[in-house]
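The values are calculated or read from the model by the stated rules, or taken from the named source; none is laboratory data. These numbers were taken from a predicted model, which means no experiment stands behind them. Here the Cβ positions follow ideal geometry from the backbone for every residue, glycine too, while neighbour counts run over all protein chains shown. All accessible areas refer to the heavy atoms of the entire protein, side chains included, with ligands and DNA or RNA removed. Shrake-Rupley method; radii C 1.70, N 1.55, O 1.52, S 1.80 Å.
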Amino acid sequence: MKTKTKNDLEDIQQQATLVKTVSPELRRTVSEVSQWNSASRAVRGVWPQYQRFRSLTVDQGRLMTEQDEAEGARVILLGNEANRQLFPGKEVIGQPLMVNGYQYTVIGVLEKKKQNGSYGSGPDNTQLFTTYSAMARDFPPPERPGIVRGFVNNIVIEPVSPDLHEKAVDQVKRIIAERHHYDPEDKEALWIWDTLQGSKFTERIFSVMTLFFGAVALLTLALGGIGVMNIMLVAVTERTREIGVRKALGATAVDIKRQFLVESAIITLVSGTAGLSLGVGVCLLMRLIPLPDFIPHPVISPIAIAASITTLTAITVLAGIYPALRASNLSPIECLRAD
């Protein structure tokens, strides 16, 4: 694995036309001591633009600025959980915090982030964030084989467009490969954690699941339609004399057909409405149940409801038309002779 340095970022800024934003990430787990508690949590030294494309927003205070970075200001942001440990229920903004023996000032507390995965040392809620320049000056990683002056743990990039992210990553790989003199196709030389690739993979999983459950729903509705058709066929058999009497009194084949189609439609409509109401009701009730942050509550989709109603209408016609045709084609004399 090749060593990444701050010089790599400068080349990426100058040469990678498909990269919108780039930031170093210098990470160390060090001691933190406040007036009320102490901890040993990971601190990340980053550029201010990192906060935007990593979706860091503050619940209290402010974010880091370009001026903070330029001055190497000893300012720090606390993740939600880090704040609860170091300043339990206390005033935090503007308070001093000893970080690895240096006095930093807390400028903000991050909003609780709904994050179920992360690279590196854990979710952002557990971290502390400071300026890269201050961290590189005050407590850089000790130099050893593979750790040199200007070392960064990660280079975090944002492509100009999600559609171009693969090409942007290729650009970065080529730039770093040229600087460190290795083949850009060597996958072992540079570790890449691609959030967009992971997002696309997750989207494909949910698309397959949607297709699967859609097929199950369609099969269930088809079985329900077969059930309705069987009920109507039994009704035709049991009401043969009634059909004969109606035809003898002047009812046409169209009248008989319409009668049985309407009856099948009523059965399907009542059962379909009951099923749809039950499903919507369950979804609404589940919204009242507290779930973990990474598990969303059920969403009532108008598209799914419209598709269900359309499918139900088609099944109503298909399930009712055969019994209706059978009833309309019966001869009045044969009907009246039936027991």
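Residue by residue, here is whether (1) surrounded by 15 or more Cβ atoms within 10 Å (Cβ to Cβ); (2) aromatic (Phe, Trp, Tyr); (3) within 30 Å of residue 298 (Cβ to Cβ); (4) free of Cβ contacts under 8 Å to residues at least 60 places away in the same chain holds:
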| residue | (1), (2), (3), (4) |
| --- | --- |
| 223 | no, no, yes, yes |
| 249 | no, no, no, yes |
| 254 | no, no, no, no |
| 264 | yes, no, no, no |
| 271 | no, no, yes, yes |
Item to check | Every residue from the range 163-194 that is open to solvent by 90 Å² or more (accessible area, probe 1.4 Å), among the basic types (Lys, Arg) and part of a helix (DSSP H, G or I) | outcome: 167, 174
Checklist entry - Out of the residues in the range 57-94 that are in a helix (DSSP H, G or I) and either in contact with a His (Cβ under 6 Å, 6 or more places away or on another chain) or closer than 17 Å to residue 36 by Cβ (or both), which is most open to solvent (accessible area, probe 1.4 Å)? => result 84
Checklist entry - Can you pull out the residues in the range 108-126 that are open to solvent by less than 40 Å² (accessible area, probe 1.4 Å), at pLDDT 90 or above and either touching a helix residue (DSSP H, G or I) at 6+ places or on another chain (Cβ under 8 Å) or polar (S, T, N, Q) (or both)? => result 109, 110
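Among the listed residues 258, 287, identify the single one that is open to solvent by 40 Å² or more (accessible area, probe 1.4 Å), in contact with a His (Cβ under 7 Å, 6 or more places away or on another chain) and not aromatic (Phe, Trp, Tyr). Outline the logic, then answer.
Working: 258 fails: in contact with a His (Cβ under 7 Å, 6 or more places away or on another chain).
Being open to solvent by 40 Å² or more (accessible area, probe 1.4 Å), in contact with a His (Cβ under 7 Å, 6 or more places away or on another chain) and not aromatic (Phe, Trp, Tyr) holds for just one of 258, 287, which is 287.
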Item to check | Filter pass, residue 298 being touching a helix residue (DSSP H, G or I) at 6+ places or on another chain (Cβ under 7 Å), assigned to a loop (DSSP other than H, G, I, E, B) and under 30 Å from residue 114 (Cβ atoms) | outcome: yes
Item to check | Selected residue (criterion: nearest to residue 75 (Cα to Cα)) from residues of the range 1-48 that are open to solvent by 20 Å² or more (accessible area, probe 1.4 Å) and in a helix (DSSP H, G or I) | outcome: 6
Checklist entry - Between residues in the range 135-161 that are open to solvent by 50 Å² or more (accessible area, probe 1.4 Å) and among the hydrophobic types (A, V, I, L, M, F, W, C) and residues that are at pLDDT 80 or above and assigned to a strand (DSSP E or B), which pairs lie under 6 Å by C-beta distance while being six or more apart or on different chains? => result 160/20
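Would you kindly identify the helices (runs of 4 or more DSSP H) lying entirely within the range 195-291 that contain at least 3 residues that are at pLDDT 75 or above and under 30 Å from residue 158 (Cα atoms)?
In the range 195-291, the matching helices (runs of 4 or more DSSP H) lie at 195-238.
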